[in-house]
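Down below is the structure, laid out as structure tokens.
The values are calculated or read from the model by the stated rules, or taken from the named source; none is laboratory data. All figures in this text were calculated on a predicted structure; none of them were measured in a lab. Ideal geometry is used to build each Cβ from the backbone, glycine not excepted, and the neighbour counts take in all protein chains shown. SASA here: full protein model, heavy atoms, side chains in, ligands and nucleic acids out. Shrake-Rupley method; radii C 1.70, N 1.55, O 1.52, S 1.80 Å.
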Amino acid sequence: MPGELTEYTLAEVALRNGGEGNPTWIVIRDNVYDVTHYMENHPGGSELIAEWAGKDGTKDFDGFGHSSDAMRILKTLQIGVLVVSDHAKNRSKTVASGQPKIAEDLTEAELLKKKRSKRRMFILCG
């Protein structure tokens, strides 16, 4: 059917992380976007997109509060949707061990990096 979007798994998206000549895909609100060619045009810099390459960046994307122009651009980059089992509401909140990942599981360096990343996004795009 024309206009139908391809379904992808999170594992397939993870392979498109921009590394080793691969395209750069991200997930926003259970939709899959190919941002490979847009990265250098991103007003906040390509680093902000690269941080979410091959991952779900919904929380930070929504947390920033993008303009209506940004939303229009995003629509043009959509290549598919996540399979229903990988939708955010259906994902498990566990890591490989089967235990929930909590802040205590993160090293101090990881926590600091996470805090800096959010601040950097606000400064660059805000």
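Numerical summary
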quantity	calculated
Area accessible to solvent at Ser85, 1.4 Å probe radius, in Å²	80 Å²
Interchain or long-range residues, amide H under 5 Å from Arg29's placed H	Thr58
Estimated inter-spin distance, Glu7 and Lys89, nm [label 7 Å along Cα→Cβ]	1.6 nm
Table column - 3J(HN,Hα) (Hz), segment 31-38, Karplus curve with 6.51, -1.76, 1.60, x for Gly and Pro	10, 9, 10, 9, 9, 3, 8, 8
Two-decimal Rg/Rh across segment 1-73, once Rg and the Kirkwood Rh are taken from alpha-carbon atoms	0.96
Most to least packed among 54-66, 21-33 [average Cβ atoms within 10 Å]	21-33, 54-66
